[in-house]
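Everything on this sheet refers to the single structure shown next.
Please treat every number below as a calculation from the coordinates, not as lab data. Predicted model, so just to flag it, every value in this text is computed and none were measured. Heads up, the Cβs are rebuilt from the backbone with ideal geometry, glycines too, and the neighbour counts pull from every protein chain shown.
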Amino acid sequence: MTDNAPQTDKPAGKTIDANDRARLDQIFMQVILDVQAQAQQTQPAQASNLAAMFHKELVTDALQGCAMLIAGWNQGVIDEAGLTRSAKALRGLELPELAARLERLRQIDEA
């Protein structure tokens, strides 16, 4: 039995045209790499095991959201779940400006 049905396993989010994706790939990756680097450089707000645990969880969420965004980008989509996950984690890490920069990826092809 063969399955010739079109693949519909793309993540939910805004579709990016292949030409736009090729043109904007470097900008997209610069934002993602900056988010990853800055999230990893943060420190827990307090010196306690509980604060360290929550901090690690937020950093992990930010990085996993970035991975989701990269996977979506490779499929021609701005992954909404990944974007939301990363932005929420960045705000939890007290990086609201970086979260806003990441959220502007929704309009990356509108410039």
Near the amide H of Val77, under 5 Å away, which other amide H atoms are found, from residues 5 or more places off or on another chain, if H is placed in the peptide plane? Ile16
Each label sits 7 Å from Cα toward the beta-carbon; between Ala52 and Lys88 the label points are separated, in nm, by 2.6 nm
Each residue of the range 94-110 in order: what ³J(HN,Hα) in whole Hz does its phi give by Karplus 6.51 cos²θ - 1.76 cosθ + 1.60, θ = phi - 60°, with x for Gly and Pro? 6, 10, x, 5, 5, 4, 5, 4, 4, 5, 5, 4, 4, 9, 4, 8, 9
Of the candidates Phe54, Cys66, Leu90, the farthest towards the positive dipole end of the range 43-111 (Lys/Arg Cβ +1, Asp/Glu Cβ -1, centred on the Cα centre) is Phe54
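Want the number for Asp9 to Arg23: 0.36 nm per residue separation, take away the alpha-carbon distance, what's left? Mind dumping the intermediate values first?
Details: separation 14, 0.36 × 14 = 5.04 nm, distance 2.43 nm.
Separation in residues times 0.36 nm, less the Cα-Cα distance, equals 2.6 nm.
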Could you give the angle, 0 to 90 degrees to the nearest 10, between helix 18-41's Cα long axis and the longest principal axis of the Cα atoms of the chain? 20 degrees
Show me the GluC sites (Glu not before Pro) within the range 59-111 that DSSP assigns to loop and that have at most 12 other Cβ atoms within 10 Å of their Cβ. Glu94
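About its Cα centre, how strong a charge dipole does the chain have in debye, to the nearest 20, once Lys and Arg get +1 and Asp and Glu get -1 at the Cβ?
Numbers: 11 positive and 15 negative charges, 43 e Å.
So the dipole magnitude of the chain works out to roughly 200 debye.
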